[in-house]
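The values are calculated or read from the model by the stated rules, or taken from the named source; none is laboratory data. Here the structure is a predicted model, which is why all the values come from computation and not from measurement. All Cβ positions, even for glycine, are placed from backbone atoms using ideal geometry, and neighbour counts span all protein chains on display. Ligands, DNA and RNA are excluded from the accessible area calculation, which covers all protein heavy atoms including side chains. Shrake-Rupley method; radii C 1.70, N 1.55, O 1.52, S 1.80 Å.
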Amino acid sequence: VSSIAHVNCGQCQTVLMYPYGAPSVKCAICNFITNVGGPPSQPQNVTVVVENPMTVDDKGKLVSNVVVGVTTGGKK
(Lines give C-alpha, C1' and ligand atoms only; values in the text may rest on other atoms or scores of the structure.)
Protein backbone atom coordinates (compact mmCIF):
# COMPACT_ATOMS: atom_id res chain seq x y z
CA VAL A 1 0.00 0.00 0.00
CA SER A 2 1.48 3.34 -1.02
CA SER A 3 1.53 6.30 1.36
CA ILE A 4 -0.96 9.10 0.96
CA ALA A 5 0.15 12.73 1.09
CA HIS A 6 -1.82 15.97 1.45
CA VAL A 7 -1.41 19.41 -0.12
CA ASN A 8 -3.54 22.54 -0.35
CA CYS A 9 -4.80 23.37 -3.85
CA GLY A 10 -2.69 26.15 -5.34
CA GLN A 11 -5.81 28.06 -6.35
CA CYS A 12 -8.76 27.43 -3.99
CA GLN A 13 -6.79 26.08 -0.97
CA THR A 14 -8.90 22.89 -0.68
CA VAL A 15 -6.95 20.09 1.01
CA LEU A 16 -6.14 17.42 -1.59
CA MET A 17 -4.98 13.83 -1.09
CA TYR A 18 -2.64 12.10 -3.53
CA PRO A 19 -0.30 9.11 -3.62
CA TYR A 20 3.13 10.02 -2.26
CA GLY A 21 5.61 10.48 -5.10
CA ALA A 22 3.12 11.94 -7.61
CA PRO A 23 4.46 14.97 -9.51
CA SER A 24 1.13 16.85 -9.37
CA VAL A 25 -2.50 16.62 -8.27
CA LYS A 26 -5.64 18.07 -9.91
CA CYS A 27 -8.29 19.69 -7.73
CA ALA A 28 -11.76 18.19 -8.23
CA ILE A 29 -13.40 21.49 -7.26
CA CYS A 30 -11.62 24.11 -9.40
CA ASN A 31 -9.59 21.82 -11.77
CA PHE A 32 -6.32 23.59 -10.91
CA ILE A 33 -3.22 21.39 -11.15
CA THR A 34 -0.90 21.78 -8.17
CA ASN A 35 2.70 20.63 -8.63
CA VAL A 36 3.92 18.71 -5.61
CA GLY A 37 7.41 17.96 -6.91
CA GLY A 38 7.38 14.25 -6.23
CA PRO A 39 10.43 12.26 -7.26
CA PRO A 40 10.18 10.10 -10.40
CA SER A 41 9.03 6.61 -9.56
CA GLN A 42 8.57 3.28 -11.26
CA PRO A 43 5.37 3.11 -13.35
CA GLN A 44 2.58 1.44 -11.42
CA ASN A 45 -1.18 1.14 -11.42
CA VAL A 46 -2.74 3.55 -8.94
CA THR A 47 -6.37 4.20 -8.06
CA VAL A 48 -7.08 7.37 -6.12
CA VAL A 49 -10.45 8.23 -4.56
CA VAL A 50 -10.91 11.80 -3.33
CA GLU A 51 -13.96 12.74 -1.29
CA ASN A 52 -14.38 16.50 -1.20
CA PRO A 53 -16.75 18.39 1.11
CA MET A 54 -20.43 17.88 0.31
CA THR A 55 -22.30 20.65 -1.52
CA VAL A 56 -25.96 21.67 -1.56
CA ASP A 57 -28.00 21.42 -4.78
CA ASP A 58 -30.65 23.90 -5.93
CA LYS A 59 -33.31 21.96 -3.96
CA GLY A 60 -31.33 22.21 -0.71
CA LYS A 61 -30.22 18.57 -0.63
CA LEU A 62 -26.67 17.52 0.25
CA VAL A 63 -24.71 16.13 -2.70
CA SER A 64 -21.59 13.96 -2.41
CA ASN A 65 -18.53 15.15 -4.30
CA VAL A 66 -16.34 12.12 -5.03
CA VAL A 67 -13.70 11.83 -7.75
CA VAL A 68 -11.94 8.64 -8.83
CA GLY A 69 -8.70 8.69 -10.77
CA VAL A 70 -6.93 5.69 -12.30
CA THR A 71 -3.50 5.47 -13.89
CA THR A 72 -2.22 2.47 -15.80
CA GLY A 73 1.49 3.08 -15.32
CA GLY A 74 2.08 3.42 -19.06
CA LYS A 75 4.19 6.03 -20.83
CA LYS A 76 2.86 9.58 -21.00
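Scanning segment 40-67 for residues that are at pLDDT 90 or above and open to solvent by 100 Å² or more (accessible area, probe 1.4 Å) yields 58, 59, 61, 62. Among the residues of segment 3-13, those that are surrounded by 13 or more Cβ atoms within 10 Å (Cβ to Cβ) and out of contact with any Cys (no Cβ under 6 Å at 6 or more places or on another chain) comprise 5, 7, 10.
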